[in-house]
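The values are calculated or read from the model by the stated rules, or taken from the named source; none is laboratory data. Because the structure is a prediction, the values reported are computed rather than measured. Here the Cβ positions follow ideal geometry from the backbone for every residue, glycine too, while neighbour counts run over all protein chains shown. Please note that ligands, DNA and RNA were not included when accessible areas were found on the heavy atoms of the full protein model with its side chains. Shrake-Rupley method; radii C 1.70, N 1.55, O 1.52, S 1.80 Å.
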Amino acid sequence: MTQRIWDALIIGAGAAGLSAAQALGRSLRATLVIDAGEPRNRFAAHMHNVLGHDGRSPAEILSRGRAEAEGYGVEFHTGSVTDVREGDGGLARVIVELADGETIATRALIVATGVRDELPEIPGLAENWGASVLHCPYCHGWEVRGRRLGVITTSPAGMHQARLVRQWSEDVTVFTAGLGELDENTIRGFEARGVRLVAEPVVEVVGGAEAIRSVRTADGAEHPIDAVFTASTPVTRDAFLDGLELTRAPREQGGALIVDAMQRTSHPRIWAAGNVVVPFATVPLVAGAGAFTGSAVNAALVEEDFELAVGS
């Protein structure tokens, strides 16, 4: 593998990476996908708001997507990337190093590694993540509609989520410790919508692996809750790019990679798509971005092919 120079190498085999791979495979490009096997949505049993695939499991979608890409000649390699550096000359524009020491050369690189979700250190929260501890009302609200819902706020930005959840149930409790001081207009708005406000910090989410039964606060009170919504902190999974010093959003805003209209980063040979660029994008959005990125990479390689032909 170290002797071959790939047209395109994709790091990440989630919806973005697989969509890019399919576009490149259909463009007759020699394409390799590096898959660490840790998709962001592996904790969820089902996906929703994915047209034509509503209710399917994330694992099933990825399995089908991989099979489709393989049908167009795309190859896959299991592993984790530790470093990306400039190529050694010629068509080896980018060199990718894997955890096992193997190196791979490529003309173009697509980063589609997504993010990992950091949760507040509250017992019971991570254990139920993706089951009865949820983050997206559009993804999971229908399944818990009409039940006793809680919102554990983690920052002032959680105000939107706190208001949004009320659409799916009339029985909503918002644990407001993460919101800071609430003004009177905000309090009146919640009260007018029948939302209970609890100022005490949350210390535990109580229940088993299949379902929670309550949320315990610092004063010892237990609030009956069937499902909790909370916001994670998305952290990009692309430390292997650090040596290249690519342009990013400020770290306090998540540090996502900045790309241009063609999904190209500040490095001329590296593109990025999916949650590594837009951390809160859903599956349909990252899949669309991946398909576009694959096409953009092929277009760039087409232009280079003509330049090389003229210069040969």
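Worth a mention:
- Here R216 clears all of (1) open to solvent by 40 Å² or more (accessible area, probe 1.4 Å); (2) in a loop (DSSP other than H, G, I, E, B) except the condition numbered (2).
Condition check ((1) in a helix (DSSP H, G or I); (2) open to solvent by 20 Å² or more (accessible area, probe 1.4 Å)) across all residues:
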site	(1), (2)
R188	yes, yes
E204	no, yes
G220	no, yes
L241	yes, no
G255	no, no
P268	no, yes
V286	yes, no
G290	yes, no
G294	yes, no
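- Test for P120: is it of a type outside the set (D, E, K, R), open to solvent by 20 Å² or more (accessible area, probe 1.4 Å) and in contact (Cβ under 8 Å) with a residue 40 or more places away in the chain: yes
- Test for P234: is it under 28 Å from the mean Cα position of the chain (by Cα) and part of a loop (DSSP other than H, G, I, E, B): no
- Qualifying residue in the stretch 30-40 (condition: without any contact (Cβ under 8 Å) to a residue 60 or more places away in the chain and open to solvent by less than 10 Å² (accessible area, probe 1.4 Å)): yes
- Unmet requirement for D305, which otherwise passes all of (1) assigned to a helix (DSSP H, G or I); (2) charged (D, E, K, R); (3) modelled with pLDDT of 95 or more; (4) open to solvent by 60 Å² or more (accessible area, probe 1.4 Å): (4)
- Only one of the numbered conditions (1) over 23 Å from the mean Cα position of the chain (by Cα); (2) open to solvent by 20 Å² or more (accessible area, probe 1.4 Å); (3) among the hydroxyl-bearing types (S, T, Y) is violated by T78, and that is (1).
- Subset tally (residues that are small (G, A, S), closer than 24 Å to V133 by Cα and either in a loop (DSSP other than H, G, I, E, B) or touching a strand residue (DSSP E or B) at 6+ places or on another chain (Cβ under 8 Å) (or both)) for the stretch 28-69: 5
- Taking the stretch 222-239 as the range and being touching a residue at least 40 places away in the same chain (Cβ under 8 Å), acidic (D, E) and surrounded by fewer than 22 Cβ atoms within 10 Å (Cβ to Cβ) as the test, only D226 passes.
- Within the stretch 141-150, one or more residues are in contact with a Ser or Thr (Cβ under 6 Å, 6 or more places away or on another chain) and assigned to a strand (DSSP E or B).
- A count restricted to the stretch 116-131 and to residues that are touching a helix residue (DSSP H, G or I) at 6+ places or on another chain (Cβ under 8 Å) and either of a type in the set (S, T, N, Q) or part of a strand (DSSP E or B) (or both) stands at 3.
- Annotation: of all residues in the stretch 272-284 being in contact with a strand residue (DSSP E or B) (Cβ under 6 Å, 6 or more places away or on another chain) and assigned to a helix (DSSP H, G or I), the one that is surrounded by the most Cβ atoms within 10 Å (Cβ to Cβ) is N275.
- A residue that is at pLDDT below 95, surrounded by fewer than 16 Cβ atoms within 10 Å (Cβ to Cβ) and of a type in the set (G, A, S) can be found somewhere in the stretch 150-158.
- Flag if G90 is free of Cβ contacts under 8 Å to residues at least 60 places away in the same chain and in contact with a strand residue (DSSP E or B) (Cβ under 9 Å, 6 or more places away or on another chain): no
- Search result, residues across the stretch 191-202 that are in a strand (DSSP E or B) and either of a type outside the set (D, E, K, R) or under 15 Å from T154 (Cα atoms) (or both): L197, V198, V202
- Selected residue (criterion: most open to solvent (accessible area, probe 1.4 Å)) from residues of the stretch 12-29 that are in contact with a helix residue (DSSP H, G or I) (Cβ under 8 Å, 6 or more places away or on another chain) and not small (G, A, S): Q22
- Exactly one residue out of T106, T113 is in contact (Cβ under 8 Å) with a residue 60 or more places away in the chain, in a strand (DSSP E or B) and hydroxyl-bearing (S, T, Y), and it is T106.
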